[in-house]
Amino acid sequence: MIYIEFTERQKHIIELVKAKQPITSENLAEHLHMTRAALRPDLTILTMLGVLDARPKVGYFYLGKTSKNIIVEFMKSIRVADIKSMPVVVSEDTAVYDAIVTLFLEDVGTLYVQNKGALVGVVSRKDIIKTAIGNTDIHKVPIGVIMTRMPNIVYAIDNESVLEAAGKIMIHEIDSLPVVEPYKAESGKELYKITGKISKTNITRFLFNLSKE
Ligand code: ADP
């Protein structure tokens, strides 16, 4: 749980600490016409959030972390694994026509392509449209021919922050990242097992849900 919106009393405490630091909890309680016990929960929250710093026998200092910093730090603490969704995965020999049907049935914009359990490519709506407006038999051509393939796939891993993943989506101007778990093939080559998907939709949903908490 994170308190981004401070209560009036918390704002008052912050202003007092800024003006009179270092200030003891006794002095703060006096200024606020409260008991120290009643003040304690707010001081604990503000210290935990890093807005205030408590030094024993000295008092409270203002640490200067703003709500914006707190939001950014919170975003950094959320891992891709916390919000990833189920990926839609197909094989390289799937015909473009079947890929289109899958996009509709699964209600997604991107398909991930795997071969023997390893990520080999990504097919998006534009890849398919490009193929469909050309002189291609979409019933015969497999998506392996039109997909963006490894090693050009931008991916995320479970332990990465959502903020980092959002950065990759922005920089590469793409809609989603496959979430992968790297492993070594018998040949020693590094391969990637697809374990999820992180998309603009995931991130938007996560932000929206935060406002409801
Ligand atoms: P759309 O086609 O709906 O605009 P994207 O913006 O995600 O979807 O895709 C644009 C291009 O980027 C396509 O050629 C697609 O194959 C490629 N692409 C999509 N996701 C990735 C990814 N994670 N890594 C590398 N290329 C990708």
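A DSSP coil position with no more than 12 other Cβ atoms inside 10 Å describes the following trypsin sites (Lys or Arg not before Pro) in the range 108-176: Lys116, Lys140. The charge dipole of the range 80-212, taken about the Cα centre with unit charges on the Cβ atoms of Lys, Arg (+1) and Asp, Glu (-1), comes to about 160 debye, rounded to the nearest 20. The residues neighbouring Asn115, those whose beta-carbon lies less than 14 Å from its own, together hold a net charge of +2 under the Lys/Arg +1, Asp/Glu -1 convention. Give the angle, between 0 and 90 degrees and rounded to the nearest 10, that separates the Cα long axis of helix 200-212 from the longest principal axis of the Cα atoms of the chain. The answer is roughly 30 degrees. In plain terms, the residue of Asp53, Asp82 with the fewest other Cβ atoms within 10 Å comes first and the most crowded comes last, giving Asp82, Asp53. Multiplying the residue separation of Arg9 and Ala81 by 0.36 nm and removing their Cα-Cα distance gives an extension gain of 22.3 nm.
Work out how much length Leu105 to Glu173 would gain on full extension: take 0.36 nm times their residue separation and subtract the Cα-Cα distance, in nm to one decimal.
22.0 nm
With a cut-off of 10 Å between beta carbons, the residues surrounding Asp158 carry a summed charge of -1, where Lys and Arg count +1 and Asp and Glu -1. With the simple model of a label 7 Å out from the Cα in the direction of the Cβ, Thr148 to Thr44 spans 4.8 nm.
All of the numbers you see were taken from the coordinates with simple rules; none came from a lab. These numbers were taken from a predicted model, which means no experiment stands behind them. Quick reminder, even Gly has a Cβ in these numbers, built from the backbone with ideal geometry, and neighbours come from all protein chains shown.
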